[in-house]
Amino acid sequence: MYQRRSTHLHGSGSTGEVGKKSGHKVTVETQGALGSENQLTEAQIAAADVAVIISDINIEAADRFENTRVVRCTISHFLRHSEEVMTAIDKIRQAPRGSEIIL
């Protein structure tokens, strides 16, 4: 099964808005002091072309993304350079699963 431009973002609601404006299908999981919200399932992660992890700290259960193409950046980097993040997403889609770009 191929999902066109399916991207799973780990970050805030604004991340989803930027991703959708770029033509990506977006699902957002958040982790905070009160725990996880909208936790991504194994099936969602496996179906994703790319997982984008936008965080200033290590996320819980990061190993779930080992077999997925991953783009990582800090929150401030994403807010200041969202177009660079979107370019990285498009670039890594051509890479083998398990690849990672850290911005």
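Only the coordinates and a few stated rules stand behind these numbers; no lab work does. As the structure is a computational prediction, the values presented were derived from the model and not from experiment. Using ideal geometry, Cβ is built from the backbone for each residue, glycine included, and neighbour counts are taken over all protein chains shown.
The packing ranking, built from the mean of other Cβ atoms within 10 Å per residue, places the peptides 30-36, 64-70, 75-81 in the order 64-70, 75-81, 30-36, highest first. Placing unit charges on each Cβ (+1 for Lys and Arg, -1 for Asp and Glu) gives the range 38-103 a dipole about its Cα centre, and among A95, T41, I53 the Cα reaching farthest toward its positive end belongs to A95. For A61 and K91, a Förster radius of 30 Å and the Cβ-Cβ distance give a FRET efficiency of 0.70, rounded to the nearest 0.05. Take the Cβ-Cβ distance between E37 and S76 as r, set R0 to 25 Å, and report the resulting FRET efficiency rounded to the nearest 0.05. Calculated value: 0.70.
The modelled label-to-label distance between I102 and A46, using points 7 Å beyond Cα along the C-beta direction, is 2.8 nm.
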